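These notes concern the structure reproduced below.
The values are calculated or read from the model by the stated rules, or taken from the named source; none is laboratory data. Since we're looking at a predicted model, the values are computed, not measured. Note: ideal-geometry Cβ built from the backbone for every residue, glycine included; neighbour counts use all protein chains shown.
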Amino acid sequence: MMFARGDARGAEQSVRRSVDLGSPLKNTAALFSLGTLLANKGDDVGAEDAFRKVIDTITNGSAAASPESSGSSKGGGTTPGLALAAPAHFELAGLLENRGDVAGAEEHYRHAERLDPKNADAPAALGNLLHHAPPAPSSGRSAKAQTLEAELSYRRALEIDPRHADARYNLGILLKSSGKQSDMRASVDLLRHPDFGASALTEESIMSAVEGNDQ
């Protein structure tokens, strides 16, 4: 509420008090809120620390993170704190990606995907990372192998959610850059479907570029 009114400092102080007063597993919700708040105000270091504490608290808690206990809580039986494991990994991965830590970002995107296998956002984001970043030395992958990993990540996202517009758009871009024009056309053609709404403009921009190259 305070953050919505523009009182970012007051909101941060309130959330920090909640962290200080809560029990370890209940703290995860307050810590996650703190991480989100700090990330929104540009304090990436503080946000990273908060998200890591969420992950550590869950990992070392009485109910360790797993696909059954830490994923989406749509079934209603998941402890709220544990349900934040995948989002915490996802947010941490984004912070690490922004600062150029490709290996760290990949690790946490993969954790997020494992912990919440019904959410397409993690494999879609992993695909973007692997598509655009140079291979991390520790990965031992060639650029070609990493591009294939990116393609597979996009395809996993689309298996989960065939209407994930970002994954479909970026898969089309990857296939185009890889010389797979016919595959790219098949991939982006679904963006014309009304379910994708405004992303039809994205499809048009890709097809325009391809048609220009074909002339």
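Overview of results
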| item | result |
| --- | --- |
| Qualifying residue in the stretch 82-104 (condition: over 28 Å from Ala50 (Cβ atoms) and out of contact with any strand residue (DSSP E or B) (no Cβ under 7 Å at 6 or more places or on another chain)) | no |
| Residues of the stretch 141-166 that turn out to be at pLDDT 90 or above, among the small types (Gly, Ala, Ser) and either at positive phi or in contact with a helix residue (DSSP H, G or I) (Cβ under 9 Å, 6 or more places away or on another chain) (or both), as a count | 4 |
| Cβ-Cβ under 7 Å pairs, at least 6 apart or on other chains, the stretch 155-180 side in contact (Cβ under 8 Å) with a residue 12 or more places away in the chain, far side among the aromatic types (Phe, Trp, Tyr) | Arg163/Phe196; Ala165/Phe196; Ala167/Tyr154; Asn170/Tyr154; Leu171/Tyr154; Leu174/Tyr154 |
| Qualifying residue in the stretch 27-44 (condition: over 26 Å from Glu149 (Cα atoms) and at pLDDT below 60) | no |
| Checking Arg110 against (1) more than 15 Å from Leu152 (Cα to Cα); (2) in the same structural domain as Leu31 (by TED's automatic domain parsing), the condition it does not meet | (1) |
| Odd one out for Ser138 among (1) in a loop (DSSP other than H, G, I, E, B); (2) at pLDDT below 95 | (1) |
